[in-house]
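The structure appears right after this line, and notes come after that.
The values are calculated or read from the model by the stated rules, or taken from the named source; none is laboratory data. Here the structure is a predicted model, which is why all the values come from computation and not from measurement. Cβ coordinates were reconstructed from backbone atoms using ideal geometry, including for glycine residues, and neighbour counts include every protein chain displayed.
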Amino acid sequence: MKASIYTNLQRKITLITLVVSFAPLIILGATIYYQFARTCKEKIEEQIRYRARAQAEAVDLFLKERTAILSAMADTHTYQDMTEEKHLANLFEVMNLRAGAFVDLGVIDNAGQHHAYVGPYDLKGRNYYQQPWFAEVMSKGIYISDVYMGYRKLPHFIIAVRRQENQHSWILRATIDPDIFGAIVRAAQVGKTGDAYILNKKGLFETRSRFGGDILSKANLNPTLFGRGTTVLEQKNAQGKKLLYAGAWLKDDKWLLVISQDASEEMSGLLATRNLEIAIIIFGTLAIILTVFFTTRLTVNRLREADSRMNELNAQLVQSDKLAALGKMAAGIAHEINNPLNVILQKTGWMEDLLAEEEFQESENFKEFKVSIEKIEEHVERARKVVHNMLGYARKMEPRLEDVDINSTIKQTIALLNNYARNNNIKIPTDLEPDIPVIASDQSQLQQVFLNLINNAIDAIGNDGVIEVKSRCTDSLIKVGIKDNGPGIPEDKQKKVFDPFFTTKEVGKGTGLGLWVSYDIIKKMGGTMSLVSEVGKGTTFTVELPIVAPEKK
């Protein structure tokens with residue numbers, strides 16, 4: 001009877017598997033391709049965002065360094081020194097030797113008159129009082145201008161600092177070399193289609209664009225599309241081609257560093273990947289057909305074997321669900337606590353009914369009464385949760401002797417927590433001494449102890465860590481060590497960890513019963529539990545069990 005059932009089952013599994021497998025394979029292929037394309041685009045966007053952010057920092061640092069040098073020169077020299085052109089020329093030489101990128105250097109009084117100048121242009125004697133930048137530097141003290149034409153009729157920008165000397169103020173102004181500055185900006189462009197340039201808030205080029213965009217000409221890009229920080233967007237250029245743009249604001253949000261890239265240049269490998277994926281799907285289909293026939297036969301044979309072990313497995317699962325911790329005492333305490341809690345809740349309900357009456361609602365303390373009742377109910381509910389946890393642990397405290405393989409119990413416990421640990425990127429390697437003797441003990445209670453210790457270690461680490469589990473055997477003892485690389489336990493709290501209701505976890509994340517129950521279980525088995533912990537390096541719990549030989553059967 002069962003043989004025919006398994007034969008029919010094998011045929012049905014083979015047919016259904018062959019029919020169902022192809023649809024998911026195709027869907028999976030399409031999904032993978034879509035995810036890969038999206039990941040490629042995200043990666044390109046992240047790269048261009050990173051380059052924009054990094055280059056903006058480099059440009060900002062360049063401007064800050066030149067501003068700091070100019071400020072230092074103004075602060076350490078008097079106006080009289082600065083107006084001596086020989087002295088000013090020496091300073092100009094030192095500034096270019098130390099930092100470079102300075103085209104000229106000039107000293108201007110508070111009336112806008114240019115008294116001293118070093119550089120290639122005829123600017124000495126000019127008056128800048130009517131120039132917009134002059135008022136900016138006089139009011140702000142430090143000013144970096146946008147690119148403008150000025151008296152020299154060439155695009156340039158300046159850095160100027162104001163120095164207050166007694167009752168007299170004067171300005172030290174320097175022009176930055178546009179070629180050097182433009183080269184720094186263009187260092188961010190990559191590939192055949194990459195470009196990098198700076199726009200001001202009006203959308204005018206402050207540096208030259210690689211693909212047509214002279215300085216001070218209008219760009220085909222609206223700077224207001226870029227928010228604070230680093231923004232990436234896709235937009236058509238003047239030729240109608242879609243480009244990725246990354247923009248990062250600098251100079252107090254007055255300049256926008258823009259990096260552009262043709263995404264199709266970076267995604268050329270996507271087509272080759274698609275063709276490879278189609279080939280993989282074809283070979284995968286053939287592999288499925290061959291594999292189904294062999295695995296179905298193997299699966300049905302395993303089902304026959306599984307029938308004989310199903311009852312045993314169910315019994316083990318039921319027993320695992322009944323892991324005990326507090327025993328009869330915990331159940332009794334929980335029952336005794338529940339009764340007064342119920343009375344409190346009844347009384348608070350009666351008080352709420354009283355507050356609904358008009359004479360109490362008109363009381364000036366009505367809101368305080370209502371809030372106080374809500375607080376009482378909140379803390380009663382909290383106490384009920386603690387009682388509920390105690391009842392969950394409730395079972396007989398005395399161990400039930402059976403044949404126990406310590407190493408096997410450890411492996412079973414780790415298997416229960418593997419998924420939880422894996423989700424938190426925590427590894428649980430084991431170093432179990434072979435040939436540890438089978439002892440007479442209570443496997444379910446031992447498993448509860450190991451479960452509590454490993455689970456606490458996972459909670460302590462949080463994410464990205466290692467929990468080492470070791471077992472060793474001496475003539476009279478079996479030692480199990482559980483070591484984590486978590487934050488460790490402060491010395492003043494180590495003596496309290498085995499006390500009931502003491503926990504180092506955040507409020508609401510632990511009842512403080514796990515280690516107390518575990519300690520009590522080991523103690524009743526005639527063993528000991530101890531810990532060694534160092535803040536910042538981790539904690540090691542050690543369980544020592546006496547070797548008790550099982551009775552002969």
Looking only at residues that are under 52 Å from the mean Cα position of the chain (by Cα) and either among the aliphatic types (A, V, I, L, M) or over 18 Å from Ala74 (Cα atoms) (or both) in the stretch 97-132, which one is surrounded by the fewest Cβ atoms within 10 Å (Cβ to Cβ)? Leu97
When you check Asp520 against the structure, is it acidic (Asp, Glu), part of a helix (DSSP H, G or I) and in contact with a Lys or Arg (Cβ under 7 Å, 6 or more places away or on another chain), yes or no? no
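Residue-by-condition table, conditions (1) within 30 Å of Asn127 (Cβ to Cβ); (2) in contact (Cβ under 8 Å) with a residue 24 or more places away in the chain; (3) in contact with a helix residue (DSSP H, G or I) (Cβ under 9 Å, 6 or more places away or on another chain):
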| site | (1), (2), (3) |
| --- | --- |
| Ser169 | yes, yes, yes |
| Asp179 | yes, no, no |
| Val185 | no, yes, yes |
| Gly191 | no, yes, yes |
| Leu199 | no, yes, yes |
| Arg210 | no, yes, yes |
| Thr224 | no, no, no |
| Leu243 | no, yes, yes |
| Val258 | no, yes, yes |
Being out of contact with any Pro (no Cβ under 7 Å at 6 or more places or on another chain), among the acidic types (Asp, Glu), at pLDDT below 85 and at negative phi, is that true of even one residue in the stretch 534-547? no
Regarding Lys251, is this residue within 25 Å of Leu154 (Cα to Cα), touching a strand residue (DSSP E or B) at 6+ places or on another chain (Cβ under 9 Å) and surrounded by fewer than 14 Cβ atoms within 10 Å (Cβ to Cβ)? no
Given the options Ile482, Ile454, Ile478, Ile467, name the one that is assigned to a helix (DSSP H, G or I) and at pLDDT 90 or above. Ile454
Return the pair list, or none, for Cβ contacts closer than 9 Å from residues in the stretch 40-54 that are over 10 Å from Val258 (Cα atoms) to residues that are among the acidic types (Asp, Glu) and buried (at least 17 other Cβ atoms within 10 Å of the Cβ), at least 6 apart or on different chains. Cys40/Glu266; Lys41/Glu266; Lys43/Glu266; Ile44/Glu266; Gln47/Glu266
Checking the condition modelled with pLDDT under 75, hydrophobic (A, V, I, L, M, F, W, C) and assigned to a helix (DSSP H, G or I), which residue from Leu298, Leu303, Leu313, Leu286 passes? Leu313
Residue check, Lys411 against (1) over 26 Å from Val535 (Cα atoms); (2) basic (Lys, Arg); (3) not in a helix (DSSP H, G or I), all met but one. Which one? (3)
Within the stretch 450-487, which residues are of a type outside the set (S, T, N, Q), under 22 Å from the mean Cα position of the chain (by Cα) and surrounded by 13 or more Cβ atoms within 10 Å (Cβ to Cβ)? Ala457, Ile458, Asp459, Ala460, Ile461, Gly465, Val466, Ile467, Asp484, Gly486, Pro487
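Condition check ((1) of a type outside the set (A, V, I, L, M, F, W, C); (2) not in a loop (DSSP other than H, G, I, E, B)) across all residues:
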site	(1), (2)
Tyr143	yes, yes
Asp146	yes, no
Ala160	no, yes
Ala174	no, yes
Ile180	no, yes
Lys202	yes, no
Asp214	yes, no
